[in-house]
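Following: one structure in structure tokens, then a few remarks.
Any read-out appearing in this document is the output of simple, stated calculations on the displayed coordinates, not a laboratory observation. Keep in mind it's a predicted model, so treat the numbers as computed, not measured. Don't worry about glycine lacking a Cβ; one is built from the backbone with ideal geometry, like all the others, and counts go over all protein chains shown.
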Amino acid sequence: MAMAALRREGRRFATPLLSSPIRSSLISHSQEQAPNGVRSISTQVVRNRMKSVKNIQKITKAMKMVAASKLRAIQTRAENSRGLWQPFTALLGDSPSVNVKKSVIVTVSSDKGLCGGINSTSVKISRILHKLSSGPEKETKYVILGEKAKAQLIRDSKDDISLSITELQKNPLNYSQVSVLADDILKNVEFDALRIVFNKFHSVVQFMPTVSTVLSPEIVEREAEAGGKLGELDSYEIEGAETKGEVLQNLAEFQFSCILFNGVLENACSEQGARMSAMDSSSRNAGDMLDRLTLTYNRTRQASITTELIEIISGASALEG
Amino acid sequence: MASAGGAAPFWRAAGMTYITYSNICANLVRNCLKEPFKAEAISRERVHFSLSKWVDGKPEKPTIRSDPTEH
């Protein structure tokens, strides 16, 4: 107690040395004031940083909680939506290596950041696909879902972007929304093959960048004649008055909307998972940083106390002696 | 199924894709639900996104689709 009083005493002498407006703005809210480098070392800066790190940690913890609860809601939906594309893959197969003139790459990304590397992954895969599928007499365009992939692709390939879609996740994702969107995409781009790039959700920390290919009906027919998996299409009986071309067109459209729906859901799920783990590690980092800062703070504080004590004792002994 | 198949060329001739057609059908089915479920089903399927076309490397003004009944 006496020591604290003494320290306060020392401070009073030091006060005129500091310009008052800066000082008051710096340390107005702290009780234990330390003058800036006059007699003892200032702990003000460290204390401010500790406070801000603590606040950041609170925010990241809250974001992790939010992401965890959103993830739980969306994960079941994403897993259920897998049942939509599986029959299509069984029927039409997935042919990522198909060689066509007009490809359209649909890059699925998120609108918000702070979710690890999922957006850069899908952009990277899209760029590779673009490089692979472009060539003489070939045209490759991008359709971009989400703000983040747009921001990345706008830098080097803005001439190849044909559509960009944002604000998809304002309401909870649902099939009507994605199908209207798929419809708009189909109406606005010409394609022989659509390649949908998204992050498939495996677990909270694992996402697989995935490409799903949707072929246009003409290409499906061409591939069917070439044989292979699609060659089995002829063994199906077609009901009603429709021709095979009509059925294939309907199928291709429906397949696109289903795969897009699944892709959007999987990507949203991966986004929340990635955000959760990113926020978890940043809370942990903030904790580590806080520990280090606390150590520095305490050391400085002790050092200043020791210095003051030495000064007092030596002053007293000088008076006595 | 057979009757729906017969109507196929007409909606295609009207400029609709299969997706639009199936959405209209789905909406009809949703409207056939009884009350507490009907409002729930309709509120679940809300459409909202903003789409912008790109011409010569520049985005045009985005159009916002946010009406669930607009198809």
Taking the stretch B:2-65 and dividing mean pair separation by its residue count, relative contact order in percent (alpha carbons under 8 Å, at least six apart):
17
Counting Lys and Arg as +1 and Asp and Glu as -1, what is the net charge of the other residues whose Cβ lies under 13 Å from the Cβ of A:Arg82?
0
Listed residue (A:Ser134, A:Phe88, A:Ser282) projecting farthest to the positive dipole end of chain A, Cβ model:
A:Ser282
Can you work out D for the stretch B:2-65 in µm² s⁻¹ from Stokes-Einstein, where Rh is the Kirkwood radius over C-alpha pairs, the temperature is 20 °C and the viscosity is 1.002 mPa s?
145
Which of the residue pairs A:Lys101/A:Lys187; A:Lys244/B:Lys53; A:Lys51/A:Lys170; A:Lys70/A:Lys124; A:Lys102/A:Lys200; A:Lys141/B:Lys61 have a Cα-Cα distance greater than 23 Å in the structure shown?
A:Lys244/B:Lys53; A:Lys51/A:Lys170; A:Lys70/A:Lys124; A:Lys102/A:Lys200
Additional length obtainable on full extension of the chain from A:Lys138 to A:Ser203, 0.36 nm per residue less Cα span:
19.7 nm
Distance-filtered residues of the stretch A:280-294 - backbone nitrogen under 20 Å, label point 7 angstrom along A:Met65 Cα→Cβ:
A:280-288
Looking only at chain A, where both bridge partners belong to it, what percent of the DSSP beta bridges are antiparallel (to the nearest 5)?
40
Across peptide A:161-168, what mean number of C-beta atoms from other chains lies inside 10 Å of a residue's C-beta?
6
Using all Cα-Cα distances in chain A, what percent lands in each 20 angstrom bin from 0 up to the longest?
26, 35, 19, 14, 5, 0
Using Cα atoms only, what is the angle between the long axis of helix A:244-320 and the major principal axis of chain A, expressed in degrees (0 to 90) to the nearest 10?
10
How far apart, in nm, are the 7 Å Cα→Cβ label points at A:Arg284 and A:Thr89?
3.1
Rounded to the nearest 10 degrees, what's the angle between the helix A:175-188 long axis and the longest principal axis of chain A, both from Cα atoms, 0 to 90?
70
One point scatterer per Cα, no solvent, Debye formula: log10 I(q)/I(0) for the stretch A:169-236 at q = 0.24 Å⁻¹ comes out as -1.08
How big is the shadow of the Cα convex hull of the stretch A:179-321, averaged over all directions, in nm²?
15.3
Using the Cα centre of the stretch B:2-65 as the reference point, and only Cβ charges (+1 on K/R, -1 on D/E), how large is the resulting charge dipole? Debye, rounded to the nearest 20.
80
Student exercise, chain A dipole from Lys, Arg, Asp, Glu Cβ charges, in Debye to nearest 20:
2700
Can you give me the angle between helix A:147-156 and the longest principal axis of chain A, using Cα atoms only, in degrees from 0 to 90, rounded to the nearest 10?
80
Nearest 20 debye, what's the magnitude of the dipole of the stretch A:235-305 about its Cα centre given +1 on Lys and Arg Cβ and -1 on Asp and Glu Cβ?
1080
